[in-house]
1. Just the residues that are of a type in the set (Val, Ile, Thr) and either within 11 Å of residue B:109 (Cβ to Cβ) or over 19 Å from the mean Cα position of the chain (by Cα) (or both), please, taken from region B:58-93.
2. Tell me which of these residue A:280 doesn't satisfy, since it passes every other one: (1) within 12 Å of another protein chain (Cβ to nearest Cβ); (2) surrounded by fewer than 23 Cβ atoms within 10 Å (Cβ to Cβ); (3) under 30 Å from residue A:483 (Cα atoms).
3. Looking at region A:65-108, which of its residues are among the aromatic types (Phe, Trp, Tyr), closer than 28 Å to residue A:38 by Cα and not in a helix (DSSP H, G or I)?
4. Of B:188, B:194, which residue is in a loop (DSSP other than H, G, I, E, B), within 20 Å of residue B:54 (Cβ to Cβ) and either touching a residue at least 12 places away in the same chain (Cβ under 8 Å) or small (Gly, Ala, Ser) (or both)?
5. Could you list, in sequence order, all residues of region A:377-389 that are under 21 Å from the mean Cα position of the chain (by Cα) and outside any loop (DSSP other than H, G, I, E, B)?
6. Inspect region A:413-434 for any residue being among the aliphatic types (A, V, I, L, M), surrounded by 15 or more Cβ atoms within 10 Å (Cβ to Cβ) and part of a loop (DSSP other than H, G, I, E, B) and give the result as yes or no.
7. Taking residue B:158, is it among the polar types (S, T, N, Q) and in a loop (DSSP other than H, G, I, E, B)?
8. Which count do you get for residues in region A:461-479 that are more than 14 Å from chain B (Cβ to nearest Cβ), of a type in the set (D, E, K, R) and outside any helix (DSSP H, G or I)?
Amino acid sequence: MKRGKLFPALLAALLLVPLFASCHGSRALDPFVMPESFDTGRQFEITFWAKNDTNKTQMKVYTDAVAGFEALYPNVKVNLRFYTDYGRIYNDVITNIATRTTPNVCVTYPDHIATYITGVNTVVPLDSLFADPSYGFGGSELRYDGPERDEMVEKFLDECVIDGEHYAIPFMRSTEACYINVTMLESLGYELPDVLTWDFVWEVSDRAAEKREDGIYKANGQKTMIPFIYKSTDNMMIQYLAQRGAGYSTPEGDILLFNDTALSLLRDVARHTATGAFSTFKISSYPGNFLNAGQCLFAVDSTAGATWMGSLAPHADIPPEQFVEYEIAVRPIPQADPENPKMISQGPSVCVFNKSDPQEVLASWLFAQYLLTNDVQIGYASSEGYIPVTKKAHQSEAYREYLERGGEDGLEHYDVKIAATQLLLSNIDRTFVTPVFNGSASLRDAAGQMIENTSKSVRRRETVDDAYFEKLVSDVRSLYRLDQHTPGAGGSGAELGKLPGPSVALIAALLVAWLVMGGVVLARFLHNREGKS
Amino acid sequence: MKKLLLLAFALMMVFAVVACSDTDKKGEGVMTYAEYDAAELQTQVVVETYVQAKQSWWDNKATLYTQDKDGAYFIYEAACSEADYAKLTPGTKIKVTGYKAEWSGEIEIADATFEIETGNYVAKAEDVTSLLGTDDLVKHQNKFVSFKGMKVEAYDESGAAFAYKDPEGKSDDLYFKVSKDGKTYDFCVEYYLCGKDTDVYKAVEGLKVGDTVDMEGFLYWYNGANPHITSVTVK
């Protein structure tokens, strides 16, 4: 089982960015120009890097999509490569940008694309392709029944805009959900509300963390109990800030994360870690494992992880004998204002990489767009708690039937998965995304790292007070190079403070060298003039 | 002649004791394995141990399987330069300072630093076949161990003898199941430890359901025993 490889990959990849942003600028690809028509007389071989959740159904949807597309376009061969985490895709893309061996089509996140496009003409802007009457959305020359532009969920399409251009198409969308052991909740004397609040979750979690004198937890009669486990602490911070109306970042890349509201969440994290009420995936393990073993009350994870949740979960990482029977409920993540819930929109998007041959790019676009057809959309979405990104799929008979059959069986129509899907479908307008810019991936990591460090420090009985948080902010700023992003980044030099001494010395030495060289040239010029005269 | 032989034998014994004591002797402030074992989670621990295998290095962090003669210590992402990582070979003695942590049942030393010391010890694989399925197996967590006479079972309903985590690119772990006395256990070839070009990776790719195998590897834990296998021999 792998864990924790994402951050190093991102950090190292970030360090590589200047390499391809500058060194290769001189031999950058030309911008993509749309060919008049797709050349079906030529053979093309394209590469598609896909991400799955270690889920065989998803792998099959991808391989079926490739086969379906190749049947329609026999002159295009699609080589499929599977990944199981976005960090590795990101890292490999960065490495391959430098060597001009990127895939043609890649499942990725807009945050990552923001870094990819720091290379010149690396990723194809898609707006002109969207609008092309022959090969764009609903194009006349398409050999499949893809969505029209107005059949895309506009909100999801908007999430793929970077600097005013679409650099990706959405592929799937999910959000986070709170999976709850209702049996345990009720045994503690609480009723499950429709919308959880942070105050409720903390209060009940503290109660569930109480032990008997012999060290056994009262709530479950076991030696292990972590009432509240959060999988993605970056999301935890981001959503908390959004719910409280506090800043995180601006579209220009100004960093607003380090504010009083963030500190108030960190203080809550510290307090409830101390009571034993809270932990995280990175510190303990997957929330679903503890939930299914009766060792967790509130497990926050993606709706795309719904098939791992519940007594009858079709996917499991723990031995059958560790499962307990319990009633499970799916709710939106804890909220600050239950009347105005807010939750993250997340999920994979697909980008098309530029190549020297526009026909190859067009073949790639045709394949990328094929991923929006109903069979692929519904097939993949129903493998987990994802939702399709097209209204065309949402409104299809097949999808409506799929949702209506929730609970009919324990696999395709697993009730927890369909409940998680419905949660997002009914809250699309309450979802949000964070601004995308070069560096937004690092900011996201920093947001989560502050929660992880705080929780870890409390566990290690370190003093967690104002001085601790001050140092934490400073350390995290430095680690994620956020001290290089200041409000108004790109503004005046005065905001960057004084130059370090060595830099001043270097600049002074360069100036002196230029002055000496200038002096020598001037002296020679004057000497020659005197000689001629 | 007898006196000479006796003298030679005595000298050999002295050398053996000296060599042995090198792995016994703990530096100042260093825990014995028993003390480490008894330490509470999230407390700081200091141990002297010997590298048995390197799992990965990335971004100046090393993950290592280590062991002394009393027990094993899994070192998760210790601060480590690439140059220092290159110096680590099976047997290298290191002094590790970090925090005892648990992730999905795996006891490890996290957020650690280490320094290389003088000394060498390579553990022999300890046969724990008879402990499979018992509560005593966990006492050998992270050790270099062997399993003998195990039968390969179908990994899933497809009937395959193993499963790739990445079936297309083969760039991730391999999973397989083996049984003994009617009970089946999950085993793994951890890709960072043994990639697709290693003998063990290829050997597992060649397994057939029903094969009888002997295996060696590290007794990693993930919600139960999840050995990271380093060699497989089909009987």
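Bear in mind that the values in this text are calculations on the coordinates, not laboratory data. All of these numbers come straight from a predicted model, not from anything done at the bench. Glycine also receives a Cβ, built like all others from the backbone with ideal geometry; neighbour counts cover every protein chain displayed.
1. Hits for region B:58-93 are B:63, B:66, B:75.
2. The failed condition is (2).
3. A:73, A:82, listed by residue number.
4. The match here is B:194.
5. Within region A:377-389, A:377, A:380, A:381, A:387, A:388 meet the criteria.
6. Yes, there is a match, as at least one residue in region A:413-434 is among the aliphatic types (A, V, I, L, M), surrounded by 15 or more Cβ atoms within 10 Å (Cβ to Cβ) and part of a loop (DSSP other than H, G, I, E, B).
7. yes
8. Selection size over region A:461-479: 1.
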